[in-house]
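The values are calculated or read from the model by the stated rules, or taken from the named source; none is laboratory data. These figures come from a predicted structure and were not determined experimentally. Glycine also receives a Cβ, built like all others from the backbone with ideal geometry; neighbour counts cover every protein chain displayed. Side chains included, ligands, DNA and RNA excluded: accessible areas come from the protein's heavy atoms. Shrake-Rupley method; radii C 1.70, N 1.55, O 1.52, S 1.80 Å.
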Amino acid sequence: MFRKKHNSHDNLEHDAKDQEQKIKELRAAIGPLSGSSLTFCTDACLRRYLEARNWNVDKSKKMLEETLKWRTTYKPEEIRWHEVATESETGKLYRANFHDREGRTIIVMRPAKQNTSSHDNQLRHLVYVLENAILSLPEDQEEMVCLIDFTGWSLSNSPIKTARETANILQCHYPERLAVGFLYNPPRIFETFWKVVKYFLDPKTFLKAKFIYPKNKESMELLRKHFDLDVLPVEFGGRNQVQYNHEEFSKMMIAEDAVKGSFGSLEEKTPQPSLAAQAS
């Protein structure tokens, strides 16, 4: 019995050493970096890309290089609130002011609140919120949770093109950032939409999607395991009466943009105080 525990400990140590070696191999494979690419490629970042590709260095390198190319042209860290504020007026997508039981940052999506028709602007808004959410993650967290309220949703709210590109951005350029996504109260017609969407989700992302039905005790129990009901908003079956306030949220984003600008490119978490703390 003692030997079994000893072997288990050795295996864990061996795995950690293997992972560190893989990170070194990936860093060597991508070669010298500069500017924002250098800032972005921390060891934690390389680890996420390796995890996303099952620790295959060649596949991870290809994925990471695609992201660096995308970030160089799209410049997600340079998007500012005033460019995307219109997209957020209805509260269709925002970073919540509450956390789950593990203290993780929450992104709330309410697709029925869609208020614009510009595919490109909607995606820039998504990227802005993702970048902002990453910067707001506590030091011991790398993943966030997504709460998606489908109340009142119809097929017209989510064009397949936008859904596909959203999935592509999340999977390809923000790997291992989503801990779990709760799809709350999806209408029956959503099943048709989901049958199409699931084909462009990778298996890992697909498994992170959890359907929650308000009248289903078992699925609601899953939500309660992750959230204190006093924290969870009423529209998700909780007791929190909090409402999205665009004016207040705008003030917070403008303040955080100012902090972001003062530190330059901060795509990855660095040992800085949280933006929210500095902006307050």
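Ligands, DNA and RNA aside, E221 has an accessible area near 90 Å² when probed at 1.4 Å. Karplus-based coupling profile of segment 15-29, in residue order and whole Hz: 4, 4, 5, 4, 5, 4, 5, 4, 4, 4, 5, 5, 5, 5, 5, with θ = phi - 60° in 6.51 cos²θ - 1.76 cosθ + 1.60 and x standing for Gly or Pro.
Ordering K61, K113, K260 by accessible area with a probe of 1.4 Å, largest first, what comes out?
Working: K61 55, K113 95, K260 10 Å².
Accessible-area ranking of K61, K113, K260, largest first: K113, K61, K260.
List the relative contact order of the chain as a percent without decimals, with contacts defined as Cα pairs under 8 Å and 6+ residues apart. All intermediate terms of the calculation are to be shown ahead of the outcome.
On the way: 356 pairs, mean separation 52.1, N = 280.
Dividing the mean separation by the residue count of the chain yields 19 percent.
Between A209 and G181, the built amide H atoms are under 5 Å apart, and every one of these is 5 or more places off in sequence or on another chain. Normalised by the number of residues in segment 52-211, the average gap of Cα pairs under 8 Å and 6 or more apart makes the relative contact order 21 percent.
Computed from label points 7 Å out along Cα-Cβ, the spacing between D140 and Q241 is 3.4 nm.
Each residue was assigned an accessible area with a 1.4 Å probe, and for V57 the value is about 20 Å². Ranking R224, R95 from most to least accessible surface, computed with a 1.4 Å probe over the protein chains only, gives R224, R95. Its relative contact order, with pairs defined as Cα atoms under 8 Å and 6+ residues apart, puts segment 157-210 at 55 percent. The accessible area of F98, taken with all protein chains in place and a 1.4 Å probe, comes to roughly 10 Å². In this structure, the amide hydrogen of M144, modeled 1.01 Å from its nitrogen in the peptide plane, lies closer than 5 angstrom to those of L178, A179, counting only residues at least 5 positions away or on a different chain. Protein-only accessible surface at a 1.4 angstrom probe places the residues T72, T166, T67 in the order T72, T166, T67, largest first. For the chain, the share of accessible area belonging to carbon and sulfur comes to 53 percent (1.4 Å probe, ligands and nucleic acids excluded). The calculated 222 nm mean residue ellipticity attributable to helices in the chain amounts to -16000 deg cm²/dmol, summing -39500 (n - 2.57) over DSSP H runs of n ≥ 4 and dividing by all residues.
With only Lys, Arg, Asp and Glu charged, each at its Cβ (+1 for the first two, -1 for the last two), find how big the charge dipole of the chain is about the Cα centre; round to the nearest 20 debye. Mind showing how you got there, number by number?
On the way: 41 positive and 40 negative charges, 187 e Å.
Computed charge dipole of the chain: roughly 900 debye.
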